[in-house]
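A.B. asks: Could you have a look at this structure, given as structure tokens, before my questions?
The values are calculated or read from the model by the stated rules, or taken from the named source; none is laboratory data. The model shown is predicted, which means the values in this text are computed figures rather than measured ones. Positions of Cβ are backbone-derived with ideal geometry, glycine not excepted, and every protein chain shown enters the neighbour counts.
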Amino acid sequence: MADDDLAKLKIDKTRTVFTKPGKGRRRIYIAGGAVLLVLIILALSGVFSPAVRVDVVSVQQFYPAQSFTLLNASGYVVPQRKAAVASKITARLQELYVEEGSRVKKDRVLARLENADLEASLRQAEANLGAARSSVDQAAAELNDAHVNFEREKRLLAKEYTTRSVYDAAEARYKKALAAVSGARSQVRANEARVREARVSLEYTYIRAPFDGVVLTKNADIGDIVTPIGAATTAKAAVVTLADLSTLKVETDVSESNLSRLKLGQPCQIQLDAIPDERFDGTVHMIVPTADRTKATVMVKVNFNRLDSRILPEMSAKVAFLSREVSERERSPRLAVNRKAVIEKNGRRYVFVVRQGRAYLVEVTTQDTFGDMTEIKSGAASGEKVVLNPTKRLTNGSRVKINE
């Protein structure tokens, strides 16, 4: 039985397997055609083509003045008139009338120190002055009486109606009255000086603005001890810092080797990091006649032709020193690209815009040329990357690799 079962498991090689002719081949042809089609599509799409290495530049906002800029430098906005306003005496700060950003006029009271003792001294000096003036009036009355009596005795003596001793006594009295009036008047002048001194001392307790300006910092608070030298660790030397914003200028360092490009009154354009979309016209105000030996630079001060309320002290600034004045039509920014990125075909202009690793040919409309930059009126947007110096290998849709 076991042998019979094993015999059944043997393969009968005498049996022939029949299949429909051509069915397997058709499947092979279909699969091969599909693979070939995919390969053709991939080849046409450039998958098997090596990426073209290119340099790119950005389409950007361009100011025409950049085409005739001689030199660029960076610096800071600095007020030319600035003061740390302090007191001349040591006292406790009792009142503070301003804060950061307060605009003040010259001689406005910014703060007041404790001054009750000085006010009392002034009242006493004024009272002493009043008493001295009363003494002058009293001495003047005595002088008038002595003078009348003296003149009378003089006439009587001439007629021998009186004695010499009486006349001498009247004369002595008159001279004594004259001296008393002179002394009383000197006393008045001394008391007037004491009153002025007391008023000056009292005025020292009022901290006033030395010029029209804006409060930049507040350095002391009510209750702080204010002293002119700041000897104590808890004492404050300055109460506020004040700046005249009408004297704002840009101070920038220029290399010694570039000084020959600059001159007084030279036109400039100023860009502030805080206001990046605007350019301010300026002129060279001063080339400071000394150099910094550690940096081999010279400080140049640049005026703002028109001050703006948005311009604040210590803002960082970039200055472009120009070869000529900026015309009205050159003040507005233009959308531009390096002219080497623009190609011409059949009277039309194109650029290769790089998007997701491929370069696409895009038609653009151009207008003015400023140095190396060509103005783009339409076709490309600000910030787009375009190929610089495109070669003939580059076609629409080519894979590209940007050079570092």
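A.B. asks: Pairs, please: C-beta under 6 Å, at least 6 apart or cross-chain, first residue within 16 Å of residue 144 (Cβ to Cβ) and in region 160-173, second of a type in the set (Asp, Glu) and surrounded by 12 or more Cβ atoms within 10 Å (Cβ to Cβ)?
C.D. replies: These pairs meet every condition: 170/153.
A.B. asks: Any chance region 182-189 includes a residue that's more than 21 Å from residue 142 (Cα to Cα), in a helix (DSSP H, G or I), modelled with pLDDT of 90 or more and not assigned by TED's automatic domain parsing to the domain that holds residue 106?
C.D. replies: No, there is no match, as no residue in region 182-189 is more than 21 Å from residue 142 (Cα to Cα), in a helix (DSSP H, G or I), modelled with pLDDT of 90 or more and not assigned by TED's automatic domain parsing to the domain that holds residue 106.
Per-residue answers, yes or no, for (1) farther than 25 Å from residue 358 by Cβ; (2) outside any strand (DSSP E or B); (3) modelled with pLDDT of 85 or more; (4) in the same structural domain as residue 218 (by TED's automatic domain parsing):
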| residue | (1), (2), (3), (4) |
| --- | --- |
| 30 | yes, yes, no, no |
| 40 | no, yes, no, no |
| 72 | yes, no, yes, no |
| 76 | yes, no, yes, no |
| 94 | yes, no, yes, yes |
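A.B. asks: With the condition being within 17 Å of residue 82 (Cβ to Cβ) and out of contact with any helix residue (DSSP H, G or I) (no Cβ under 7 Å at 6 or more places or on another chain), I'd like the strands (runs of 3 or more DSSP E) fully within region 205-292 carrying at least 1 qualifying residues.
C.D. replies: In region 205-292, 206-208, 213-218, 238-243, 248-255, 275-292 are the strands (runs of 3 or more DSSP E) which contain 1 or more residues that are within 17 Å of residue 82 (Cβ to Cβ) and out of contact with any helix residue (DSSP H, G or I) (no Cβ under 7 Å at 6 or more places or on another chain).
Listed here are the residues, each with its yes/no results for (1) under 18 Å from the mean Cα position of the chain (by Cα); (2) in contact (Cβ under 8 Å) with a residue 24 or more places away in the chain; (3) surrounded by fewer than 18 Cβ atoms within 10 Å (Cβ to Cβ).
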residue: 264; (1), (2), (3): no, no, yes
residue: 305; (1), (2), (3): yes, yes, yes
residue: 314; (1), (2), (3): yes, yes, yes
residue: 327; (1), (2), (3): no, no, yes
residue: 331; (1), (2), (3): no, yes, yes
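A.B. asks: Still on this structure, I have one more. Which residues, counting only those in region 56-101, are among the hydrophobic types (A, V, I, L, M, F, W, C) and closer than 30 Å to residue 198 by Cα?
C.D. replies: Answer for region 56-101, where residues must be among the hydrophobic types (A, V, I, L, M, F, W, C) and closer than 30 Å to residue 198 by Cα: 83, 84, 85, 86, 89, 91, 93, 96, 98.
A.B. asks: In this structure, is residue 104 surrounded by 13 or more Cβ atoms within 10 Å (Cβ to Cβ) and at pLDDT below 90?
C.D. replies: no
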